[in-house]
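Student: Below: one structure in structure tokens.
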Amino acid sequence: MPDRGGGPTGPRIRVGRPSRRARTLLMTLGVLVVLGMAFIMFAGFWTDWLWYRSVNYSSVFTTTLWTKIGLFFVFGLLMAVAVGLNIWLAHRMRPPLSAMSMEQQNLDRYRMGIAPYKRWLLIGITALVGLISGASAAGQWRTWLLWVNGVPFHQKDPQFHLDVAFYAFDLPWYRFLLGFGFAATVLSLIAAALTHYLYGGLRITSPGSRATAAATGHLSVLLGVFVALKAVAYWLDRYGLAVKSSDFKATGDWTGLRYVDANAYLPAKTILFCIAVICALLFFATLWRRTWQLPVIGFGLMVLSAILIGGLYPALVQKFQVQPNEQAKEAPYVEKNLKATRQAYDIADAQVTEYQGRSDSKDKSKLRDVVDATASIRLLDPNVVSPTFTQLQQMKNYYAFPTNLDVDRYGKDGKDQDTVVGLRELNLAGIPASKRNWINDHFRYTHGFGMVAAKGTDADGNGQPVFTESNLPTTGDLPTYEQRVYYGEKTTTYSIVGGPQKEIDYPDDNGEKTTSYQGKSGVSLSNPFNRAAYAVAFGEPQILYSGAIDDSSRILYNRTPKERVEAVAPWLTIDGDAYPAIVDGKIQWIVDAYTTTNGYPYASRTTLGDTTADSLTAGNNQRAVVAQQNQVNYIRNSVKATVDAYTGEVKLYQWDAQDPVLKTWMKAFPGTVKPKSDISPALMSHLRYPQDLFKVQRELLTRYHVKDAQTFLSGSEVWQVPDDPTNQSGSAVPPYYLSMKMPDQQAQAFSLTTTFTPNGRDNLGAFMSVNAEAGTSDYGKIRILKLPTSRTVDGPKQVQSQFNSEQSIAESIRLLKGGDSQVEYGNLLTVPLDGGLLYVEPVYVRGGQLKLPLLRKVLVSYGGTTAFEDTLDQALTKVFGAEASGPPPKEGTGGNSKPAPGNPTVQQALRDAQKAFEAGQEALKKPDFTAYDKAQKDLEDALQRAEKAQSEADKSGGSGRGKNTGGPSTAPSGSPSPSSSSDGG
């Protein structure tokens, strides 16, 4: 057998430690790995700091960071000290080896095994529990800041007469401290017991005494601390009853004290508090008595009392006192809940008025002129016409409009008009696959371009929007503004701008113009360290070494309005729908933000995600649902925020100057929120009442519109938000913006409206409107028209059913669906009129190859009379039996416009298109689909000729702002030219 150590049989082979060079190499690699991991973790922190500094909200970053660090170290250290100290004490109190039993001597090998490492083991255990506890405490930074900065509400709860701030700001922090105390005590108790057992202080199987006197005293003190904390918990539970949620069969979810809480649970908690204090003292007394007898008896009494007093007694009170006469017993507490809920959701001043639901006017023809004064009926549904905007105004596939457009107000000739608007945002998915690469995605295609606007109340003779701002660059009625859109709802990727690589600005007849970003937003990539940090943070190494980046390059990210506002104000809840507006020569995204709390005593809770969902949010990722499962019982639209679409600048404005929650956060983050007085008149004219707050309020008002406890408990006046009758989603009908006046108003106001139906029924129960026009004295006033219960008034679903079931209308709908066309219903608008209710619904047809929705018909119903006509004017005339006495509609109004005079070739092509369109409609009436297909081909051919002629005309001459050079937008086609637009009217 060979000698492995070498010898005459062969050379000696040395097997042992690696060479010094190998050890040095391994150590170097280890250090590099550690440094690399540290840099990866640091890169996220550093890029966050750079971003906050770039938006001038570095104080938010530092305040949040130092608060988290402080909580981490304070509570981590407290936990580590508590556990470590008790382990040390247990080790210090260990009995001598000579006194150990045979059981404990068997553990000697374990003691001997850990003896050389006990110091490091102690450090490791305390460090671990400290890190875990510190990380958990750091997550409570909001709770800490609210507690330390809390301001009073100047409103007291009706039970304990404490300021609401105690429940909103103080109680959550006290509960955290209590939970931390329980955790520290339990961990210390477990660690001490294990140490005592390991070193002989506790015995399990040995005869005689089970614990040494020292172990008995030590563990008794810890148990006494635990029971004392339980006493504190019982005391805090008394106040917790005011914000406790429970199931109440009369109303569903319930918040606050009920009869059994005030008369059984409250005294029970007080008694249990006293018992727990006595029990804790008995445990502490073992330091002198050295016996477990009295503490065990006391603890057993506390457990028995908790079962009998805290469980059985309240159940008996509920069974034998409350249930036999529930309404009488619960009525005083229901009144407290009614008052608190109405205050917490800012619906206390909601004005409920009886409304008969039918007109007493015998001559309906006189109401025809009243319609125009009552409401500016919006025919253009912003939730339907986005594909039409896309086809007519997209221009290039790398642009896109949001799925749901927005409704705003813009003035013309000194009068505001409802306008449907959308931004032409960047759409990287529209770039051909052959052009998709890192440079194009992040350096060349960087921004969208321009706002497109159309009259909300009009459509041209072909069902197309009447654009008031269109084309590229846009021209029309809007004032001059910076049109580049670097920040938007669809802009979710980063861009690197300002460097040597030119950006695509917008397309024109000569190709594509280029630009270079001149703004100061974003983070500078002028030094290698920043580049390396972003290369790691974004997982893109080319950022570090690409030649397309130089000292003037800046990186833009966090580019959607919602995420920018959330980042600079993490204490706000953001509305799901940001909307753009032209303000002082800039496109500004306007974002509504809310302050909320879950600690308003007696106010019922709601889940924001469920309450703000409707038929629009169901299938639209763009229109986010706020705070999916965030339960609140207090909400205020306390902040209006803006995000500049070009610079990304974020501004927060104090909107509700009385909101104590906002005041608290402003103390925590001073200087971040500007006063309301800083809002410019131009911005004020575009602010509006937010939809998500309105949806939360309308959901609460289905029950809390009543002020009488008996009526509330009976459930006879409960309403529900009806399902959207215009689609099959099964989701709630969304609220609609509309300029209208309620019966007690003297003039129209920009409003947000909705309808209610009685619970479980389809007839109309009520109509609700809120003045959404910021800057007016009436802003935010909720008006509810309550329909009579003695007779039924048709609700939205019933009106829609009448539309669908009337034979002549059904036949017309069938004809509209001929060929490959699809019929789509727009928003069903409800307008109170002379005691009755006017329903108006636009009907769109998606036809031709492009499948864009065009307004073809208008449904109108009033007092049981229904009309289905080509224009709103015709439908109203039929319903009321009279024409409007005012001047005839202008071109473009209600679908009656004619092509404006211009290029003769264009006009001839449009006349051909009109003939083809009419031929197609005639073919549908027969129906003759062969003739219809031929007419569609002729139509497309005519439109192509019109577009070509217009394009040639545009090359030969320009146009100034305010003039429309968009070409043949008035073509009647179901397949219009992508570059067409229409006159501003």
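The values are calculated or read from the model by the stated rules, or taken from the named source; none is laboratory data. Predicted, not measured: the structure shown is a model, and the values here were computed from it. Every residue, glycine among them, receives a Cβ derived from its backbone with ideal geometry; neighbour counts consider all protein chains shown.
Student: What single numbered condition from (1) in contact with a helix residue (DSSP H, G or I) (Cβ under 9 Å, 6 or more places away or on another chain); (2) at pLDDT 90 or above fails to hold for residue 613?
Tutor: Only one criterion in (1) in contact with a helix residue (DSSP H, G or I) (Cβ under 9 Å, 6 or more places away or on another chain); (2) at pLDDT 90 or above is unmet by residue 613, namely (2).
Student: So, one more: How many of the residues making up region 304-344 are within 38 Å of the chain's Cα centre (by Cα) and of a type in the set (S, T, N, Q)?
Tutor: Looking only at that region, the number is 4.
Student: Moving on. Any residue at all in region 191-206 that's of a type outside the set (S, T, N, Q), outside any helix (DSSP H, G or I), surrounded by fewer than 16 Cβ atoms within 10 Å (Cβ to Cβ) and not assigned by TED's automatic domain parsing to the domain that holds residue 266?
Tutor: Looking for residues that are of a type outside the set (S, T, N, Q), outside any helix (DSSP H, G or I), surrounded by fewer than 16 Cβ atoms within 10 Å (Cβ to Cβ) and not assigned by TED's automatic domain parsing to the domain that holds residue 266, one finds at least one in region 191-206, hence yes.
Student: Only one residue in 370, 407 is over 25 Å from residue 709 (Cα atoms) and modelled with pLDDT of 90 or more. Which one?
Tutor: Unique residue meeting the criteria: 407.
Student: Looking at (1) surrounded by fewer than 19 Cβ atoms within 10 Å (Cβ to Cβ); (2) outside any loop (DSSP other than H, G, I, E, B); (3) under 30 Å from the mean Cα position of the chain (by Cα), which is the only condition residue 713 fails?
Tutor: It is condition (3) that residue 713 fails.
Student: Within region 807-868, considering only strands (runs of 3 or more DSSP E) that don't extend past its boundaries, which have at least 1 residues that are charged (D, E, K, R) and more than 15 Å from residue 388 (Cβ to Cβ)?
Tutor: The strands (runs of 3 or more DSSP E) meeting that bar are 836-847, 852-862.
Student: Among the helices (runs of 4 or more DSSP H) lying completely within region 478-595, list those that include at least 2 residues that are farther than 30 Å from residue 346 by Cβ.
Tutor: Per the criteria, 528-537, 542-545.
Student: Another question, if that's okay. Is there any pair with a first residue in region 722-750 that is free of Cβ contacts under 8 Å to residues at least 24 places away in the same chain and a second that is part of a loop (DSSP other than H, G, I, E, B) whose Cβ atoms are under 7 Å apart and which are 6 or more apart or on different chains, and what are they?
Tutor: 747/741
Student: Just to check your reading of the model, which residue among 92, 111 is surrounded by 11 or more Cβ atoms within 10 Å (Cβ to Cβ) and modelled with pLDDT under 80?
Tutor: Among 92, 111, only 111 is surrounded by 11 or more Cβ atoms within 10 Å (Cβ to Cβ) and modelled with pLDDT under 80.
Student: When you scan region 257-291, how many residues do you find that are within 17 Å of residue 216 (Cβ to Cβ) and either in contact with a Phe, Trp or Tyr (Cβ under 9 Å, 6 or more places away or on another chain) or assigned by TED's automatic domain parsing to the domain that holds residue 93 (or both)?
Tutor: Here the count works out to 5.
Student: Can you confirm whether region 723-743 contains a residue that is closer than 30 Å to residue 405 by Cβ, surrounded by fewer than 19 Cβ atoms within 10 Å (Cβ to Cβ) and hydroxyl-bearing (Ser, Thr, Tyr)?
Tutor: Yes, that holds for at least one residue.
Student: Of the numbered conditions (1) among the β-branched types (Val, Ile, Thr); (2) part of a loop (DSSP other than H, G, I, E, B); (3) surrounded by fewer than 23 Cβ atoms within 10 Å (Cβ to Cβ); (4) in contact with a Ser or Thr (Cβ under 9 Å, 6 or more places away or on another chain), residue 446 satisfies every one except a single condition; which is it?
Tutor: Status for residue 446: all satisfied but (3).
Student: Would you say residue 6 is at pLDDT 80 or above and either surrounded by 11 or more Cβ atoms within 10 Å (Cβ to Cβ) or within 30 Å of residue 671 (Cα to Cα) (or both)?
Tutor: no
Student: Would it be correct to say that residue 736 is within 22 Å of the chain's Cα centre (by Cα), hydroxyl-bearing (Ser, Thr, Tyr) and within 30 Å of residue 57 (Cβ to Cβ)?
Tutor: No: the conditions fail for residue 736.
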